[in-house]
1. Can you go through 135, 124 and tell me which one is over 29 Å from residue 407 (Cα atoms) and either surrounded by fewer than 18 Cβ atoms within 10 Å (Cβ to Cβ) or hydrophobic (A, V, I, L, M, F, W, C) (or both)?
2. Return the residues of the range 62-97 that are over 21 Å from residue 133 (Cβ atoms) and not in a strand (DSSP E or B); say none if nothing qualifies.
3. From the residues in the range 395-423 that are of a type in the set (A, V, I, L, M, F, W, C) and under 20 Å from residue 276 (Cβ atoms), which one is surrounded by the fewest Cβ atoms within 10 Å (Cβ to Cβ)?
4. Out of all the residues in the range 117-129, is one or more touching a Leu at 6+ places or on another chain (Cβ under 6 Å) and either under 19 Å from residue 215 (Cβ atoms) or β-branched (Val, Ile, Thr) (or both)?
5. Could you please let me know if residue 188 is within 25 Å of residue 290 (Cα to Cα) and loosely packed, with under 15 Cβ neighbours inside 10 Å?
6. Is it the case that residue 72 is surrounded by fewer than 16 Cβ atoms within 10 Å (Cβ to Cβ), modelled with pLDDT under 85 and not hydrophobic (A, V, I, L, M, F, W, C)?
7. In the range 330-342, which residues are surrounded by fewer than 22 Cβ atoms within 10 Å (Cβ to Cβ) and over 16 Å from residue 414 (Cα atoms)?
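The values are calculated or read from the model by the stated rules, or taken from the named source; none is laboratory data. Note that this is a predicted model, so its numbers are computed, not measured. Here the Cβ is made from the backbone with ideal geometry for all residues, glycine too, and neighbour counts use every protein chain on show.
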Amino acid sequence: MKLKKYENKELRKSKIAFFVLSSLCIILLILFVYQSYARYQDKVTFKIINGKLKMSGGSGDIEFAFYNGDKTLTTMPTKNNEEGLVFIKATCTNDAILTWNAKNWDVTISNLTKTKTSCSLYFGSKTEKICTSAGEESGACYLAKKSDNDKTNFAYDDTNDANLRYIGSTPNNYVYFNCEDNSAPSKETCETWRIIGVMNNITEVSEDELQTETNGTHLKIIRDKFEKNYSWDSSLGGSSGANNGQGVNEWSEADIEKVLNDEYLYRRAGSNRCYKDDSNTTETCPDWANIGIRNEARSMIANVKWNTGTLAENYSSFYNDVEKFNAKGMYESERSSHTGKELCQASGTSYCNDKVNRTTIWTGKVGLMYPSDYGYAVGTEVRVTCLGDTMTSYKNNNCMTNDWLYDANNDQWTMIPEPNLSYASSVFSVISNGLVNSGTTCNAKAIRPTLYLSSSVKIIDGSGEASDPFVLSL
């Protein structure tokens, strides 16, 4: 019995010692975790001073690091910083997803489900942004690097997308396109088009059944030669006709959209029914089978989402409003949710009675220029003055004469509807007197096919001069 008592006593001492040691270890572990967490919390609040953080889709802590190339930055660059740095890309640990908002200059973090997640944000020059997005071998990167030393032909716009545009009355932006033989391009075997600019944040949609969307950077080009004057859209007239026969200002249903993305795009004769007046008055079409897009050129065209939004107010109310109807204001309106019918749909007039559904995004290949494309194409010393005024004032201050998209002999259609209190058949156009104005869709105006090239398209030769256009290659 004594032996048993002695063994129980030793066992009891061993248990007490084990309990004390375990408790000390747990306390030390808690202190270590607390201190580590506190230090981590300091890092969280340190480098986000100049930014805003929005969290969605979970909970957790996040640490930020900022870089300019390989150089570590102590704080996030501010919007419109003196160095001209823009956001390039971001990487996050733990499968967290960071989305950058250029307009608000902040980030949204989703899939933030684990603690101690780190995100690295990389900033750099606008040229670096383009080359990162489109690739070092792309035509977009080629022009971005070219623009670093050429401020006469190029300028970045003041939008949140920071697009690089050709400016002035005679920029060197000529390019061979739709050639009979791309291996031997010439003025005799190719059409001459012109590059509007390098456009960022363009959504390309794959043409397979998956319809995969990819955000990227693309060259935007426009045909240099004006096509014959045609209606943007027309419709049957009479009391039962849509908008009294004057057409419908919805691009996805426009007569000219159907022609450009069918007969013209696929180089076939089609119905030979084009329109040039109200109530579906027909006009002989061009020979699409001979002047349409050839196979090799078609393979260079990107299938993208085009913005077809418009201003929120009636034309007369913003005609002289600098903030709404300058190039930047129009650019933002083109990306809005406003349509060309919402103002008049309650009016009950015979010019606003169509049953066509309105959209503000259209996916396709061939469109027309935007009003903002014309607005941002102005160059020389008058550029600042012109961009600070309405596009109805481009006939003044030498704006139109320093804008290569202007033509004194033609009114040109754009693809953006114009809001009107009484009409659902108004579309913006660039008038031969230099201003951007509204036009009734059934009226005849010049058609200039416009498209985005695939990001993989390269510039392999040429200077861009009228006598030496750029040469493209896939």
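1. Residue meeting the stated conditions: 135.
2. Of everything in the range 62-97, those that are over 21 Å from residue 133 (Cβ atoms) and not in a strand (DSSP E or B) turn out to be 74, 75, 78, 82, 93, 94, 95, 96.
3. Looking only at the range 395-423, we keep the residues that are of a type in the set (A, V, I, L, M, F, W, C), and these are 399-400, 404-405, 408, 413, 415-416, 421.
Okay, now just the ones that are also under 20 Å from residue 276 (Cβ atoms), so 413, 415.
On the way: 413: 26, 415: 23.
The extreme case among them is 415.
4. There is at least one residue in the range 117-129 that is touching a Leu at 6+ places or on another chain (Cβ under 6 Å) and either under 19 Å from residue 215 (Cβ atoms) or β-branched (Val, Ile, Thr) (or both).
5. yes
6. On the way: surrounded by fewer than 16 Cβ atoms within 10 Å (Cβ to Cβ): yes; modelled with pLDDT under 85: no; not hydrophobic (A, V, I, L, M, F, W, C): yes.
Considered against the rule, which asks whether it is surrounded by fewer than 16 Cβ atoms within 10 Å (Cβ to Cβ), modelled with pLDDT under 85 and not hydrophobic (A, V, I, L, M, F, W, C), residue 72 comes out as no.
7. Just the residues of the range 330-342 that are surrounded by fewer than 22 Cβ atoms within 10 Å (Cβ to Cβ), to begin with: 332, 335-339, 342.
Answer for the range 330-342, where residues must be surrounded by fewer than 22 Cβ atoms within 10 Å (Cβ to Cβ) and over 16 Å from residue 414 (Cα atoms): 336, 337, 338, 342.
Every residue, every condition in (1) under 24 Å from residue 242 (Cβ atoms); (2) in contact (Cβ under 8 Å) with a residue 60 or more places away in the chain, yes or no:
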site	(1), (2)
291	no, no
301	no, yes
343	yes, yes
349	yes, yes
363	yes, yes
367	yes, yes
373	no, yes
